[in-house]
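The values are calculated or read from the model by the stated rules, or taken from the named source; none is laboratory data. Treat the numbers as computed from the prediction; the structure is a model and nothing was measured. Cβ: placed from backbone, ideal geometry, glycine included. Neighbour counts: every protein chain shown.
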Amino acid sequence: MKLIPEIQSAQGEIQTLRRTIHAHPELRYEETHTSELVASKLAEWGIEVHRGLGKTGVVGVLKRGNGARSVGLRADMDALPVQELNTFEHRSRNEGKMHACGHDGHTAMLLGAAQYLARHGQFDGTIVFIFQPAEEGGAGAKAMIKDGLFDRFPVDAVFGIHNWPGMPAGYFGVTEGPIMASSNEFRIVITGVGSHAALPHNGRDPVFTAVQIANGLQSIITRNKKPLDTAVLSITQIHAGDAVNVVPNEAWIAGTVRTFTTETLDLIESRLRKIAESTADAYDCSVEISFLRNYPPTVNSSAETQFAVEVMRELAGDDCVNANVEPTMGAEDFSFMLLEKPGCYAFLGNGDGGHREAGHGAGPCMLHNASYDFNDQLLPVGSSYWVQLATKFLARQ
């Protein structure tokens, strides 16, 4: 591992920042203290600071020389509404809030890179450090873009990274094309006519209709979608009724759809609406359908991914880089940035949880788990990656 010596020397300082952020988690669009910490550190290092994009987002701009090229590096800052089970010293001090996805580590890694680049960076061009709020369901990337992120701070490409539990610590995983899925949700409300459960012929049963719709929706995945087009349709809620001897007037079902392409998503939504409406009509019920497209798929551009892989291999070695990592059906709002600019989103192995200090919870060290903790061994790895990637990108012809 070819880590930058100055970054290795500063690991204790960056670790302190990471643990400070972990101990004071803030939910989406509430990252006031986190953004203040980020902005103050950037300013301390002589980096131009801009605040308020996406409400609580922070942008740092570092320019050297007369180079016209620019690159964006992004980290997310928000925490999750999770009650932490860990009891070690840097556990969450905010009840019901926790950095259970490692955004504290992502922020710290980018701060470590910013510190080095401000003090020692030799490059010609502009580096834009993007500290984004509200990745966890708030579409903070979209909000920053709406507030003029790429208009005010134009970049030739944008890059992001996420820690990945289960992958060996310090290993990189990436792939061209889709690496994470779109995130979408649906809700189908079925209205019938209630009746006594002993006299169902007097009503129009929305519960029975809901069950038929639920069964029918799975045919989209098995009979309408091409087998090679990856997609998931999961029904996660079915609600109806209050009494065992009453057929209710209404029932509803809800769930999520994940795809790697918009074309597949269009097909699924179209068939979902057709099946729900036709099935309800067949049983003399009516339906109201809500289909929300939350995050698009995260799709890495070819040239930027190949470039990122070169940087990873130079830093970590060929054996520590998987350039064809298996995509995940999880979602990520960095996808909005990749709709605007070419770029690459990658995974950095967080290990198996053995790094956690005494006092960690009994659960596994997985994302969105109350026993999770970011692996501080990754801080110099991630920071060195950001430095090498930005410097080499700006030096390219």
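Determine which single condition PHE291 fails, assuming it passes every other condition in (1) over 15 Å from ALA214 (Cβ atoms); (2) crowded, with 18+ Cβ neighbours inside 10 Å; (3) among the aromatic types (Phe, Trp, Tyr).
PHE291 satisfies every listed condition except (2).
Does GLU263 qualify as being over 14 Å from GLN212 (Cα atoms), within 31 Å of the chain's Cα centre (by Cα), surrounded by fewer than 20 Cβ atoms within 10 Å (Cβ to Cβ) and of a type in the set (D, E, K, R)?
Yes, satisfied.
What do you reckon, is ALA143 among the hydrophobic types (A, V, I, L, M, F, W, C) and farther than 20 Å from VAL58 by Cβ?
Spelling it out, it is not the case that ALA143 is among the hydrophobic types (A, V, I, L, M, F, W, C) and farther than 20 Å from VAL58 by Cβ.
Only one residue in ALA114, ALA100 is assigned to a loop (DSSP other than H, G, I, E, B) and surrounded by 24 or more Cβ atoms within 10 Å (Cβ to Cβ), so which one is that?
Step by step, each of ALA114, ALA100 is checked, and only ALA100 is assigned to a loop (DSSP other than H, G, I, E, B) and surrounded by 24 or more Cβ atoms within 10 Å (Cβ to Cβ).
Name the one entry in ILE220, ILE190 that is in contact (Cβ under 8 Å) with a residue 12 or more places away in the chain and within 18 Å of LEU292 (Cβ to Cβ). Lay out the reasoning, then the answer.
Working: ILE190 fails: within 18 Å of LEU292 (Cβ to Cβ).
Answer to the selection: ILE220.
Test SER335 against the criterion of being touching a Leu at 6+ places or on another chain (Cβ under 6 Å) and either farther than 20 Å from THR107 by Cβ or assigned to a helix (DSSP H, G or I) (or both), and give yes or no.
Taking the combined requirement at face value, the residue does not satisfy it.
Are any residues in segment 149-166 surrounded by fewer than 19 Cβ atoms within 10 Å (Cβ to Cβ) and within 27 Å of ASN184 (Cβ to Cβ), and if so, which ones?
Of everything in segment 149-166, those that are surrounded by fewer than 19 Cβ atoms within 10 Å (Cβ to Cβ) and within 27 Å of ASN184 (Cβ to Cβ) turn out to be PHE150, GLY166.
For segment 3-59, please list each of the helices (runs of 4 or more DSSP H) lying entirely inside it that holds at least 2 residues being within 18 Å of HIS106 (Cβ to Cβ), in contact with a helix residue (DSSP H, G or I) (Cβ under 8 Å, 6 or more places away or on another chain) and among the hydrophobic types (A, V, I, L, M, F, W, C).
11-23, 32-44
Being under 18 Å from CYS101 (Cβ atoms), assigned by TED's automatic domain parsing to the domain that holds GLY160, of a type in the set (Phe, Trp, Tyr) and touching a residue at least 60 places away in the same chain (Cβ under 8 Å), is that true of even one residue in segment 306-313?
No: segment 306-313 contains no residue that is under 18 Å from CYS101 (Cβ atoms), assigned by TED's automatic domain parsing to the domain that holds GLY160, of a type in the set (Phe, Trp, Tyr) and touching a residue at least 60 places away in the same chain (Cβ under 8 Å).
Would you check if there is a residue in segment 211-224 being buried (at least 17 other Cβ atoms within 10 Å of the Cβ) and touching an Asp or Glu at 6+ places or on another chain (Cβ under 8 Å)?
No, because not a single residue in segment 211-224 is buried (at least 17 other Cβ atoms within 10 Å of the Cβ) and touching an Asp or Glu at 6+ places or on another chain (Cβ under 8 Å).
From ALA254, ALA243, which residue is surrounded by fewer than 19 Cβ atoms within 10 Å (Cβ to Cβ) and touching a strand residue (DSSP E or B) at 6+ places or on another chain (Cβ under 6 Å)?
The conditions single out ALA254.
Among residues belonging to segment 74-89 that are closer than 15 Å to GLY140 by Cα and touching a residue at least 60 places away in the same chain (Cβ under 8 Å), point out the one that is surrounded by the fewest Cβ atoms within 10 Å (Cβ to Cβ).
Checking each candidate, the answer is LEU80.
Which is closer than 28 Å to HIS201 by Cα, out of contact with any helix residue (DSSP H, G or I) (no Cβ under 8 Å at 6 or more places or on another chain) and modelled with pLDDT of 95 or more, of SER278, SER286, SER270, SER234?
One residue alone meets the criteria, SER278.
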